[in-house]
Amino acid sequence: MTDRDTQKRQAAERALTYVEDGKIVGVGTGSTVKFFIEGLGRMRDRIAGAVSSSEQSTALLQQHGIEVFDLNAVGPLTLYVDGADECDPQRRLIKGGGAALTREKIIAAASARFVCVVDPAKCVDVLGAFALPVEVIPMARSHVARALAAFGGQPVWRDGVVTDNGNWILDVHGLRITDPVGLEREINQIVGVVSVGLFAARPADVVIAGDRVLG
Ligand code: 5RP
């Protein structure tokens, strides 16, 4: 296991301490969350199940014997645990490296507490070194790319990737995001955008970076 994997596992194990008995847990997507799902599997008899942010996590959860519920059937959640691609000191995030940003954002919005698990290399002062993912309706790809270019970044189509919702991803390179809440709001206004991987209006409540807890 690499050092980064060890730090991801440390963060995921710490996040297990936020899980309450008898509850349904919101579960994100990615390699850090994979460690969290392994831990949830060990305590599966203590939880009521999970709401999943991707087909990939659904399959993993089921492999660990955890029942997966539709968010519509179970209402608001007490806890959502997910990874991130970048995190700033205000716990605002870039997410979507795994193309699951829209479902992740929905579950984060429907959860009272969002615990984000990362390895410390993801912690930055200003967001934007990681290209910002934007999920778009396929027919709007060029239109949205032109609108995104006006913010000063270079949008690149993640060719060959189709999201679980049947949409496409544009990754915007070269941004220095000094106003994450404002940029999230502006990108949300572009017709054809399904969601943007900036989690700033609703940041994480707690970030666990390896063995360090922020917030
Ligand atoms: C998926 C995500 C992931 O949380 C993000 O890409 C981090 O993944 P990893 O834990 O594998 O580094 O946003 O859409």
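Take the solvent-accessible surface of the protein heavy atoms, probe 1.4 Å, and return the percent of it on the chain that carbon and sulfur atoms account for. Walk me through the intermediate numbers first.
Numbers: 4750 of 9580 Å².
Carbon and sulfur atoms account for 50 percent of the accessible area of the chain.
A simple spin-label model places the labels of Ala109 and Ala121 3.3 nm from each other, with each point 7 Å out along Cα-to-Cβ. The H on the amide N of Arg113, modeled in the peptide plane, is under 5 Å from the matching H of Leu79, Tyr80, each at least 5 residues off or on a different chain. Estimated from the Cβ-Cβ distance and a Förster radius of 30 angstrom, the FRET efficiency linking Glu13 and Ala59 is about 0.85. Multiplying the residue separation of Ser142 and Asp179 by 0.36 nm and subtracting their alpha-carbon distance yields 10.8 nm.
What accessible area per residue, rounded to a whole number of Å², is obtained for region 132-197 using a probe radius of 1.4 Å? Don't skip to the answer; put the middle values down first.
Numbers: 3300 Å² over 66 residues.
Solvent-accessible surface per residue comes out at 50 Å².
Karplus-based coupling profile of region 47-56, in residue order and whole Hz: 10, 8, x, 9, 10, 10, 9, 7, 5, 4, with θ = phi - 60° in 6.51 cos²θ - 1.76 cosθ + 1.60 and x standing for Gly or Pro.
Remark: spin-label model distance Asn165-Phe151 equals 1.5 nm, labels positioned 7 Å along the Cα→Cβ axis.
So in the chain, what percent of DSSP beta bridges are antiparallel if you round to the nearest 5? Could the numbers behind the result be given before it?
Working: 20 of 38 bridges.
Bridges in the chain that DSSP calls antiparallel: roughly 55 percent.
The alpha-carbon of Lys34 sits under 14 angstrom from the alpha-carbons of these aspartates and glutamates, leaving out residues fewer than 8 places away in its chain: Asp5, Glu13, Glu55, Asp82, Asp119. Using the Cβ-Cβ distance between Asp211 and Glu20 with R0 set to 22 Å, the FRET efficiency works out to roughly 0.50.
Dipole magnitude for the chain: about 140 debye, using +1 per Lys or Arg Cβ and -1 per Asp or Glu Cβ, origin at the Cα centre.
With a Förster radius of 35 Å applied to the C-beta separation of Asp45 and Ala129, the computed FRET efficiency comes to 0.25. Using the Karplus relation 6.51 cos²θ - 1.76 cosθ + 1.60 with θ = phi - 60°, the per-residue 3J(HN,Hα) values for region 16-28 come to 4, 6, 8, 6, 9, 4, x, 9, 9, 9, x, 10, x Hz, with x marking Gly and Pro.
Going by Cα centres, region 135-164 and region 1-50 are how many Å apart? If we compute the Cα centre of each part, the gap is 32 Å.
The values are calculated or read from the model by the stated rules, or taken from the named source; none is laboratory data. Please read all numbers here as calculations on a predicted model, not as lab measurements. Positions of Cβ are backbone-derived with ideal geometry, glycine not excepted, and every protein chain shown enters the neighbour counts. Surface areas here come from the heavy atoms of the whole protein model, side chains and all, with no ligands, DNA or RNA. Shrake-Rupley method; radii C 1.70, N 1.55, O 1.52, S 1.80 Å.
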